[in-house]
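The structure appears right after this line, and notes come after that.
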Amino acid sequence: MKKLIDNATISRIAIFASGRGSNAEKIIDYFKDNSSVEVSIILTNRKDAKVLDLAQKYSIPSLITTKREFYHSDIITKNLAKYNIDLIVLAGFLWLIPSYLVNSYPKKILNIHPALLPKYGGKGMYGMNVHKAVHKDGENETGITIHYVNERYDDGAIIFQAACAIDKQDSPEDIATKVLALEHQYLPKIIEQILRKN
Ligand code: GRF
């Protein structure tokens, strides 16, 4: 899937995101001066997703998909092939990835989850739901998990985890802030490491 252009191998990333896209922006920014890595397409399932503003800001092609297209057509596969995508990064993408995509991109789809899996993962465990559950349980640490994606929510092999302490007075919002800082710190670097290994 890698293309040889002027003797340089370019790795092409597709970012799938459903929301504001702060992780997407960190990835775009991290690789913007790297001539061998390109964020080639941003896919979202929401036409009002803030991540679409980023696509426009950075002149990255974007695709808004529907459930029918995503689960029952070859539109996504065709687009990923069109842009020679090497790696798919789920950065706050809320839909389950269908088998046809998992099978077409073995060990080439990553997700970032805002907790230390296997705790606080699975269906419905996204965004503030995660941080509220961690807070309710009185955990004294939480963190991030970057993992490969399979057909189940938050279940694929773990690639990387980083933890942060939770103070007694931390609210769910404080926990979210700490976790997001870890995501921003590590996600682009882990992507870079994975691309180097491939
Ligand atoms: C992040 O917390 C990520 O772990 C989760 O969704 C959130 C996305 O945030 N999967 P953003 O859209 O990147 O700001």
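The values are calculated or read from the model by the stated rules, or taken from the named source; none is laboratory data. Not measured: the values here are computed from a predicted model. Methodologically, a virtual Cβ is constructed for each residue, glycine included, from the backbone with ideal geometry; neighbour enumeration extends over all protein chains shown. Note: areas computed on protein heavy atoms with side chains; ligands, DNA, RNA excluded. Shrake-Rupley method; radii C 1.70, N 1.55, O 1.52, S 1.80 Å.
Key figures
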{"item": "Residue count for region 47-67, restricted to those that are open to solvent by 70 Å² or more (accessible area, probe 1.4 Å) and small (Gly, Ala, Ser)", "result": "1"}
{"item": "Criterion violated by Lys189 - all others in (1) under 15 Å from the mean Cα position of the chain (by Cα); (2) away from the ligand (no atom under 13 Å from the Cβ); (3) in a loop (DSSP other than H, G, I, E, B) satisfied", "result": "(3)"}
{"item": "Conditions (1) under 14 Å from the mean Cα position of the chain (by Cα); (2) closer than 30 Å to Asp170 by Cα; (3) open to solvent by less than 30 Å² (accessible area, probe 1.4 Å); (4) among the aliphatic types (A, V, I, L, M): number failed by Leu43", "result": "(2)"}
{"item": "Residue among Ala181, Ala176 that alone is within 18 Å of the chain's Cα centre (by Cα) and open to solvent by 30 Å² or more (accessible area, probe 1.4 Å)", "result": "Ala181"}
{"item": "Yes/no for Glu141 being loosely packed, with under 15 Cβ neighbours inside 10 Å, closer than 19 Å to Thr177 by Cα and of a type outside the set (A, V, I, L, M)", "result": "yes"}
{"item": "Pairs where the first residue, in region 168-187, is closer than 18 Å to Asn111 by Cα and the second is buried (at least 18 other Cβ atoms within 10 Å of the Cβ) and of a type in the set (S, T, N, Q), C-beta under 8 Å, 6+ apart", "result": "Val179/Thr142; Glu183/Asn23; His184/Asn23; Leu187/Asn23"}
{"item": "Condition met for Ser73 (open to solvent by 10 Å² or more (accessible area, probe 1.4 Å), within 16 Å of the ligand (Cβ to nearest atom), farther than 22 Å from Ile190 by Cα and of a type in the set (S, T, N, Q))", "result": "no"}
{"item": "Enumeration of residues in region 22-47 that are of a type outside the set (Ser, Thr, Tyr) and not in a helix (DSSP H, G or I)", "result": "Lys32, Asp33, Asn34, Val37, Glu38, Val39, Ile41, Ile42, Leu43, Asn45, Arg46, Lys47"}
{"item": "Residues (near the ligand (Cβ under 10 Å from one of its atoms) and either open to solvent by less than 50 Å² (accessible area, probe 1.4 Å) or touching a His at 6+ places or on another chain (Cβ under 9 Å) (or both)) located in region 122-137", "result": "Met125, Tyr126, Gly127, Val130, His131"}
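Conditions tested, residue by residue: (1) over 26 Å from Gly127 (Cα atoms); (2) within 16 Å of the ligand (Cβ to nearest atom).
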{"position": "Phe16", "(1), (2)": "no, yes"}
{"position": "Ile27", "(1), (2)": "no, yes"}
{"position": "Tyr30", "(1), (2)": "no, yes"}
{"position": "Asp33", "(1), (2)": "yes, no"}
{"position": "Ser40", "(1), (2)": "no, no"}
{"position": "Leu43", "(1), (2)": "no, yes"}
{"position": "Lys82", "(1), (2)": "yes, no"}
